[in-house]
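Student: The structure's right below; bear with me while I get my questions together.
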Amino acid sequence: MFYLEEINGKKILKSSILDGLNHFFTTRESIIKTKEIDFEKSVEENKQDICKYLEIDEKNLIHPSQTHTSNVDVAKIGLSSYPDTDGLILTNNEQAVYLNFADCTPVVIYDPVNHIAAVSHAGWRGTAGMIASKTVQKMEDEFNSKPENLKCAIGPAISFCCYNVGEDVYRELSKTVKDFSRLYEIRKGSIYVDLKGINKRQLIESGVKELNIDVCPYCTVCNNNLFFSYRKENATTNRHSAVIKL
């Protein structure tokens, strides 16, 4: 279940499925990523508040250079540059990792047995590239994670109600799961797809237990008062973020 908390009076979102992992999704109030001058002061203040909350230096609050790939890397102490990377696995206690979103799907994966975690950026391209499944596989291959032990939270994103796509995107997404029948609808001649649902299905087909997956009910378009939406806000550069710290 998702629930709201605050950092210094500013809303953040958490999932009870990830109890044991220091994690949250920022909101419009707690924004830490922007290219807009009007938000720069808020971003700096919020980063300071978040680093204090996480008990880390700001240099250890890191994020990859997201480019809508399905590339997954592992965070390394002292390294802050991860080019062309849309999934980052955290295995150390010194760093915190965040990725940025404004309609795309955040997927947070936690292994409570090995105490490692990851965040992946699953827009339609990342979802078509099966980045959630690739993150699970990398955690399994390199850190001996067992998919049945993993806890996953699929965060705020554009939802089934609002995500209409072209036929080319529909075709690419339909190839990524065994049964696509309930993950799309035709409404008044337009194709709508369930990006959160597709990522959930990919996780299940990777061996994650369905009861260990929490899907956020918030839609970034419908709940634009809480989260940023690239579609609704005319290609805004503001982002909400998924943050993890072991």
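Student: Picking from 221, 107, 119, which is most flexible by a Gaussian network model of the chain using Cα springs under 10 Å?
Tutor: Among 221, 107, 119, the largest mean-square fluctuation in the Gaussian network model of the chain belongs to 221.
Student: If you average the alpha carbon positions of the stretch 149-189 and of the stretch 1-35, how far apart do those two centres end up, in angstrom?
Tutor: 25 Å
Student: Turning to a different aspect of this structure: How far is it, in nm, from the label point at residue 35 to the one at residue 167 when both lie 7 Å from their Cα along the line to the Cβ?
Tutor: Result: 3.3 nm between the two label points.
Student: How high is the relative contact order of the stretch 82-161, given as a whole-number percent (alpha carbon pairs under 8 Å, six or more residues apart)?
Tutor: Numbers: 121 pairs, mean separation 28.8, N = 80.
Contact order relative to length: 36 percent.
Student: State the Cα centre-to-centre distance between the stretch 64-127 and the stretch 205-246 in whole Å.
Tutor: Each part reduced to its Cα centre gives a spacing of 14 Å.
Student: For the stretch 55-99, what percent of Cα pairs sit more than 15 Å apart?
Tutor: Pairs farther apart than 15 Å: 34 percent.
Student: Out of 228, 101, 143, any idea which swings most in a Gaussian network model of the chain, alpha carbons joined below 10 Å?
Tutor: Its mean-square fluctuation being the largest, the pick is 143.
Student: So, one more: For Cα pairs less than 8 Å apart in space and 6+ apart in sequence, what is the mean separation divided by the residue count of the chain, i.e. the relative contact order in percent?
Tutor: Relative contact order here is 25 percent.
Student: Pairs to check: 134/196; 59/245; 35/245; 33/76; 35/232; 14/35. Give those whose C-alpha atoms are more than 19 Å from each other in this structure. Before the final figure, lay out the partial values.
Tutor: Working: 134/196 16 Å; 59/245 14 Å; 35/245 25 Å; 33/76 22 Å; 35/232 17 Å; 14/35 25 Å.
Over 19 Å Cα-Cα: 35/245; 33/76; 14/35.
Student: Given the rule -39500 (n - 2.57) for each run of at least 4 DSSP H residues, summed and divided by the residues of the chain, what is its mean residue ellipticity at 222 nm, to the nearest 500 deg cm²/dmol?
Tutor: That calculation yields -7000 deg cm²/dmol at 222 nm.
Student: Among the trypsin sites (Lys or Arg not before Pro) in the stretch 2-67, which ones are in a DSSP loop with at most 11 other Cβ atoms within 10 Å of the Cβ? Mind listing them?
Tutor: Sites meeting the loop and neighbour criteria: 35.
Student: Still on this structure, please answer the following. Quick check of the Kirkwood formula: for the chain, what is the inverse mean of 1/r over all pairs of different Cα atoms, in Å?
Tutor: This gives a value of 17.9 Å.
Student: How big is the dipole moment of the chain about its Cα centre under a simple scheme where the beta carbon of each Lys and Arg is +1, that of each Asp and Glu is -1, and everything else is neutral? Debye, nearest 20, please.
Tutor: Dipole size: approximately 560 debye.
Student: Right, another one. I'd like the FRET efficiency for residue 113 and residue 79, computed as 1/(1 + (r/R0)^6) with the beta carbon distance as r and R0 of 35 Å, rounded to 0.05.
Tutor: Details: r = 26 Å, r/R0 = 0.73.
With a Förster radius of 35 Å, E is 0.85.
Every read-out reported here was derived from the displayed coordinates using simple, explicitly stated rules and does not represent laboratory data. A quick note: this is a predicted structure, and the numbers were derived from the prediction, not measured. Cβ coordinates were reconstructed from backbone atoms using ideal geometry, including for glycine residues, and neighbour counts include every protein chain displayed.
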